[in-house]
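Asker: I'd like to ask some things about the structure below.
Laboratory data are not the source of any read-out in this text; all were calculated from the coordinates shown. Just so we're clear, the structure is a prediction, and the values are computed from it rather than from any experiment. Cβ sites come from the backbone with ideal geometry, for glycine too, and all protein chains shown count toward neighbours.
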């Protein structure tokens, strides 16, 4: 026994499609997707921390000033640490940039420390 096909009604209400989004019937021919999740605000220190980390790598590769690299490392660690803390407290976006900055800074610090041990400080 087959059931008769159901007619689509524009007054049927929202149809769940995925987590955080529903289709809202505005017109029978046009359906729009409405985002129910609020957008997270970006942390203002995450991207500068990432840029400082890239600057640290640049200084380490193309200059011979060890003190400049150490200063850039300190700036990177401070910016990445503050941004990760505020991202966690305020549930902001930008965690990937801040975490990447921290990891790049840690790797650059290890390479700088090995360079200082091997060649000495200039």
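Asker: For residue 40 and residue 63 in the same chain, what is the full-extension length gain: residue separation times 0.36 nm, less their Cα-Cα distance, in nm?
Answerer: Between residue 40 and residue 63, full extension yields an extra 4.4 nm.
Asker: Let me ask something else. Looking at the square roots a ≥ b ≥ c of the eigenvalues of the Cα gyration tensor of the range 46-119, which shape do they give, rounded for a/c under 1.5, prolate if a/b is larger than b/c, or oblate?
Answerer: Since a/c reaches 1.5 and a/b is larger than b/c, the shape of the range 46-119 is classed as prolate.
Asker: A follow-up question, please. Mark the label point 7 Å from the Cα of residue 119 along Cα→Cβ and return the residues of the range 66-90 whose backbone N is within less than 14 Å of it.
Answerer: Counting backbone N atoms under 14 Å from the label point, the list is 66-70.
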